[in-house]
1. Determine the percent antiparallel among the DSSP beta bridges restricted to the range 373-596, to the nearest 5.
2. Please give the per residue volume of the convex hull enclosing the alpha carbon atoms of the range 1078-1197, rounded to a whole number of Å³.
3. Can you give the FRET efficiency for residue 699 and residue 863, using 1/(1 + (r/R0)^6), R0 = 41 Å, r = Cβ-Cβ distance, to the nearest 0.05?
4. Report, to one decimal in Å, the Kirkwood hydrodynamic radius for the range 1029-1093 based on all distinct Cα pairs.
5. Fewest to most neighbouring Cβ within 10 Å: what's the order for 1181, 40, 1174?
6. Given R₀ = 30 Å, what would the calculated FRET efficiency be for residue 120 paired with residue 171, taking r from the Cβ atoms and rounding to 0.05?
7. Based on other C-beta atoms within 10 Å, arrange 1005, 445 from fewest to most.
8. With a 10 Å radius around each residue's Cβ, average the other Cβ atoms per peptide and rank 1109-1121, 908-920, 631-643, highest first.
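A short reminder: the numbers here are calculations on the coordinates, not readings from a lab. Keep in mind the model is a prediction, meaning the values are calculated, not measured. Cβ sites come from the backbone with ideal geometry, for glycine too, and all protein chains shown count toward neighbours.
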């Protein structure tokens, strides 16, 4: 017997390809060109199974079963073989799962797929390996050198007879059907080249065959390769559709859709579903990495559903990779988790929320799954997730018992009786009466980390007596919820809006909700928008300044205009676009509002913003007089064309329209998506029925031949006056194809997803699934890179004095690019953006004070490193401190320095620009007595020729020791007397945080600040940090409490106290850093934490496990908004830390629900967190701002 290491390299193949089990002599039928899915096996009940449409393969230790649909199964056994061990080989990195039904014991997770299955030691020295190759099913005999081929006997138990044809093939008779195994081939490798070996079949009975080999080297491996004829096609048997997509920061795509195909991802369904017992549709979620090829590109997949119809409407992903899916379910057996808010079906149709963590294995991957609904119809439509993992949902409901929490509106339809029929007189809204079956909006906030009822943090109705429905939702950094849609209710709840009366049959509505408040106080802003007929908001976006952009459709003749591009209704259906500032409140909150359209129907289908506040809208127009601006296409080409328009709402009137163009052919177009990249290129996608759709550098230059093809178009940046059509292509086959979503990454790569009914949909590269599923529609995904970039540095290393370098950029398709430096000492003095091939000059500033450093220049996703030499210095004073007792306050010390990469230094007193003691060489010493009784700072400054500015290399503080000398001293700040006010530990301080100063003679008396904002003088004392006056909260003779100014630069900072007599302290030094988190404590390091009931946490007053607590800290650093020095933090907008706040208890991470500056207080961070269930005791509590950690304090739990 040869060793396994030798034997594994040899392979004999039995290939299965072509048309199988057809009646011999029957006419062949032409089929469209196609490519099959890869054949993949998964373990199931001790066997390995593979399934795709029309074919199922089961491999057990006893036999292989090949079962085509509608034909006699083919069983293959190895006669006389040992009971072999089955092993999966060549696994995919993906683990899949199926969450079907509400019985968790039936859920399947961690499903591993293999490309090959090996029967080990089927015969002595012989393995058998099954795998797929395109259409073919192959099983290879792996023979070790010296293995006896006569032992191999392939048995077909169901064969009525076997016969060998004249050409050498083996025919297997299965009654009225036959299978054909082609003439085998065999070879040996000699010098890396295949050398043929004669081989033929031999019959060993009515149902068994073996092989006979000619002359060959028995000390070398031999490969036998017979071929069994069979063919198939891949996919789902019914309709599969994409409903929602999202892209993460790494470029992975998350797709949520609905499938009615019994064999969609067939191995991952329950057996019941596999046999076609589905009553409705299931949810599927796929995670795809477009950078990978073939099966490896699918990195996560699962099915979700119960016995009836389940459909997703929204998907989101957080920074941890957790996936959030929301939608509707009619299934009483929809899978829910033990920590769900609602585990039982409410009735008719419920909303659902499910959260997956792909990083977890087993059933734990489904972290949270809940119903959300009452006894009637409830539907989740939109979904958002914040940085803390809170989930925000908006949808519609007609359930009067929909679950509520802290609601601004606690009754359905505002408690009015629901009867009659909705109607409205033109212009007034009068006559609206409550209508049966009318919806209210619902808005919810949940935290999936909490259990059961605790997981619902906020939930409210929002609506009146008639129909109210949401279309869009956004959440800002402060956690405020913005929801928009349409209403026909004359009593829709309104507050602080620019319009307070329903104008027509339907108006749009926009509302801002604070989920941290409760009851009526949680509704901060609510307005209707519209005129005398039908208006609805369909799209919404937020900018960084808190402005809300809304757009939709209107048939009203009196829609309100503000700085409008067009103030008059044009006809049929017009688009409207508005910019609203809810912070402003009232009529002034409407900053911009305009009609947009022509005499026929014009509708918006997609909207996005850029960083400059420009609004990009795309949609469909049937108007021959649609307003155009510098358009690529000057006239309507068909019955309905696509359109693209760009607005600047900050401009007035006609100047607010920056660009507008048709895009289409002689038939109809439908837009589904618009996007803009970092340099302003615009991408529009959708589908078209026009064979003459305008093309530019197309990937697919001809119409596919069905009713519709997908299309993708790229326009140049409007800001650069390059908004021409740069690229446009069809994407489709011989049936219907629709692009539903698109995304663009930082390199300009475009990914589109959609649905196709085309059996010949174009595929390139190595697709995940290369073939149509055979149902009414399949999902497709396509990635295109229209631009290829190369970037090279002529020189990447620079001396201390800096210099200039050259970056060469080359592109295809005359693509646009931008170069971005990541370090302040790297700059682009000439150009930073361009298109096509170009050289970019960059400058490296002189490095007068830092060690060797490196920075990066980034262009089109490529990062190039620039390095620069650095300097170093050692600077001491001896003696230090100096004892002074002669009454003069003068003493002497010797300053000594040693530097590297420095040619000349200066010694200066008091500051970097203070009195000079002279210029000196790179190393030396200098004795001095030029100082006074309260000490001095000496600066070692780099003044080497060639530096544009002097650079401080080091600072030496020299102190006076006058203890016992009877010399009167001013305020004294202790060494290490500058501390974080929360931790009371010396060390770095962050801007905006509270700190304390300890010493002697600091203040004339004790005095606390009485008003806000804080004053910079208390008890006659002032404090200066980095030369800036510091807001003070408390002064006494031995302690000062203060807030560090927000705009202090990072690095070494001076601190000086000036008392009521105008005497100055010794200047002390401390480090100003981006974050230096401190947790307030009291007593023996007990954390200053409020329990859920508002009382102080204490060993005598512990917090219940699972309760929500509040801690107070300082030193978090930069905020989402600016707050003046000494001013209290506002309620709105919330001031949130830009660093992520996390926490640990007993060394284990706990859930942080909210982190923001405490309203009404100065410099204090409030953090709401949940305690886990722990045994009663006192535990170490610690917080983090990104990687900066606080001091440890103690928390007691019960």
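1. Close to 95 percent.
2. Per-residue hull volume (Cα only) is 100 Å³.
3. For residue 699 and residue 863, the calculated efficiency is 0.90.
4. 14.9 Å
5. With the sparsest Cβ surroundings first, the list reads 1174, 40, 1181.
6. Efficiency, rounded to the nearest 0.05: 0.45.
7. With the sparsest Cβ surroundings first, the list reads 1005, 445.
8. Result, highest mean first: 1109-1121, 631-643, 908-920.
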